[in-house]
Structure formats: structure tokens, C-alpha cells
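The values are calculated or read from the model by the stated rules, or taken from the named source; none is laboratory data. All figures in this text were calculated on a predicted structure; none of them were measured in a lab. FYI the Cβ positions are ideal-geometry reconstructions off the backbone, even for glycines, and counts take in every protein chain you see.
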Amino acid sequence: MTTFALVDCNNFYASCEKLFRPDLRHVPLVVLSNNDGCIVARSKEAKALGIKMGVPLHQVKDQLAYHNVAVFSSNYALYGDISNRVMETLAALAPAIEIYSIDEAFLDLTGVSNCMNLTEFGFQVKNTVQKNVGIGVGVGIAPTKTLAKLANHAAKQYPATQGVVDLTAKARQEKLLKLMPLKEVWGVGRKLCTRLQAQGIETAWDLANQNPKTIRQKYSVVLERTVRELNGESCLSLEEIAPPKQQIVCSRSFGTRITQLSDMQEAVANHVARGAAKLRHEQQRCKHISVFIHTSAYNPKEPHYSNHASFQLPSPTNDTRILLTVANRLLKHIWQDGFNYARAGIMLSDFYPKGMEQALLFESPSTFESRPKSAELMQLIDKLNQSKIGQIFFARQGIENNWKMKRQRLSPSYTTDWKQLPWVR
């Protein structure tokens, strides 16, 4: 019988911020979104204070100050590195792993029960991650991914479980399904939940007792799979290799509004450089690039403007220099003076693995053709940038970047920058 475990880090962003700050171990803590706008992560202590997810910072400033809540800007370099350490630890513990998100992974535990008790294995996973990385996790074990998700939710919701729930037994599945509200079922969104509740389906148990064929006819094949999974029939296999991306989008809101073309050129160039690096990491090349810019849609006092432009390259590339040239031309085409721009971004699409594109027969080489030693140069840039020794960037990306997103409460990059290593005196 197939067996899955879903391992989910507890309050991941908040836990990462506490990892190198033992003085904050029992202190309520929140993490802010880009430009320090909204609360996107909360420690268990902050949740206990009733601080809501997604609430704008300015609305709860007084509450945070009154309760001495620690407030941090999002530190993506730190979170990404800690996530990698968690996933490497999990990969060493299980036969196969599917990294589902930055703080979640499915493990294939098929056959593990022949060697040891699954609940004991769950605690082994939990304790090993805590010891090796310092991050707390919840472990949900079940014969299907959907049930493993529910088991993981129960592991976090009920303190008596101590963070591990094994749902391989039918009796335990039935008991939990009757307790779980419909909204906690993986894949049942808010709108679908409302439709199902109108039909008298209120709990996970109610959904599990529906006829799969009827559900498929009235709703979708996806929900039919969910019903089957709730009944212990595995319909979703482990994806050890993530499917290749169909597109790459790089976009950020600005810390301050952009009014000059030169600043916007720097911002777009940084998005292009980041997107091209991701493209090479995926071992892909693209033929289509889009650039978009827009003002804020939430300020009625300012004139609104948004636009985008696209270009189809004659042959696929992942050379940052070529993509920078194209993106700059597209930006100049859509730029309009007199506006306060709040956001910009680029999208790369129409991907080709190396050697899979059709060669040009009749067109002569153009500005957008691959340049000599392109692959070697891009490989060298990526290698140096990943070494954490320093950063190589293109002049068009600028140096000061005053438009960058606001992160006034940023913690040090303890694990990815030699200059920010913590000192023990």
C-alpha cells in the first residue's frame, strides 16, 4: 500500500527569524510583505494575540507596540537557504521526496512500515529536522496525499499529537474526517466550498461519502479525485522531479514611485537578469519576452496608466545580454512620462531545451542571435554569483537602485553572506 508523509514547517518565516535570535524564542513576532506593507507570517505567540494574516501594518501598529511584537521585513535569502537545509535533511530520511513549496514536502514512505512503526518514524523526522536545522515541523502520514494534508493539519491543530499524526488506519481516517470542516480539504477553495455547502456538504466526511461519478458530472474530475483520495484511493503520485516551468515572471513593487525612464530601465534590467538566471537554472531558453509597467490602482488621486509589450525572438536564448537589449527596446516603446509608476516586471515564455529548437534556414544572423562563447560566459557569471563571494551584474542594472522595495526591518542574511555572520563574544 502506498504511504505518504507531508512535512510542513511551523510558522516558517517567523521560525527562520527566531533561529538566530534566542532572545525572541517566546516573543510574538510577525513578518511583513514586500515594501513592509502587510503581515504575511506570524509566530504562534502573535497568532494568540489575534493578529490577522494579511492585515496592513499601519492598521495594527499600536497593537504591535502595546504587546512588544517583534516586526521583520521579509528576508528571502535567509528563508530560501533554511528551506534548502530542511529539504536536504528530509531527502536523507526518506526513499523519495517531492518538494511542494518553500516549507512543505511530501515523502514516499511506502514500505517503511515493514521496518518500523510509522508514528515513530514521524517523530524521527520531526526530531532530526529540529536537531539539524532548528526548525519545528508537523508530520502527517496517510495512504494518499489529500489525507496526508489533513493529517498534517491535525498534527498542528491538536497539541496532544505532539506534531505527528498517522492516518493509515481506516478508523482514524473516519474519526478525523468527521472533525474536519470542508474548507480544510486540500483543493477545495472558498467558492467551491460555498457551492458544496449549499448541497449540505459541511465536513470532509460528507465529501468523502459522495458518489465520485456524480461529483465528476456536477463539478470536475479534480474534485472526483479528491473524493477518491479521501477514501484512501491514491490518485496523486509523488513528483520527484518538478515539471518544467512554462513561463518565468519577475516582478516587484517599488519602494518609492518611479518617474524617470532611467530608473525604470534599471528596474527592468534587474528583473531580466534574475529571470535569465532562473531560465539557465531550468536548463531552458526562451523565444518570447514581455515587459509590463503600471501605476498604483489603489490611489484614485493619481492618474492611472498601464501597458505591456512583447517580442518574439528569431531563435531561443538564455543570454542575459540579448534579453536586456530586447527588454530595453520594449520598455522605451511603452514608457510614458508624467506618471508615478508603482510596479514593473518581465515575463519569459515559449521555452526550448538546448538543441530542440528549429534552426533558421533563410534568415541571416541578427542582433538577437546567440553570441560567441555565450554559454560559457553565462555559466561563469552564474557560478560566481552562486559562490556568495560577490555579485557580477550588468551596468544597465545600476548601482544605487533607490527604487528598490522598502525593507527597513530586514534581519541579517546569517547563512548566505560572510559579512553578516553572527558573532559570539
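Helices (runs of 4 or more DSSP H) fully within the range 178-257 that include at least 1 residues being closer than 17 Å to P143 by Cα: 204-208, 221-230. Those strands (runs of 3 or more DSSP E) of the range 17-103 in which at least 1 residues are touching a Ser or Thr at 6+ places or on another chain (Cβ under 6 Å) and of a type in the set (A, V, I, L, M), considering only elements entirely within it, cover 29-32, 39-42.
Any residue that is among the basic types (K, R) and not assigned by TED's automatic domain parsing to the domain that holds V27 - is there at least one of those in the range 79-86? Yes.
All conditions but one from (1) of a type outside the set (G, A, S); (2) more than 30 Å from I346 (Cβ to Cβ); (3) part of a helix (DSSP H, G or I) apply to V165; the one that does not is (3). Residues in the range 232-250 that are surrounded by fewer than 17 Cβ atoms within 10 Å (Cβ to Cβ) and polar (S, T, N, Q) were compared, and the one that is nearest to V272 (Cα to Cα) is Q247. Residue pairs whose Cβ atoms lie under 7 Å apart, separated by 6 or more positions or on different chains, with the first residue in the range 378-399 and in contact (Cβ under 8 Å) with a residue 60 or more places away in the chain and the second exposed (fewer than 14 other Cβ atoms within 10 Å of the Cβ), are I381/I392; N385/Q391; N385/I392.
Exactly one residue among E240, E302 is more than 30 Å from M87 (Cβ to Cβ) and modelled with pLDDT under 90, and that residue is E302. Of all residues being in contact with a Lys or Arg (Cβ under 9 Å, 6 or more places away or on another chain) and not in a loop (DSSP other than H, G, I, E, B) in the range 382-424, which is surrounded by the fewest Cβ atoms within 10 Å (Cβ to Cβ)? Just the residue, please. Per the stated criteria, the residue is W418.
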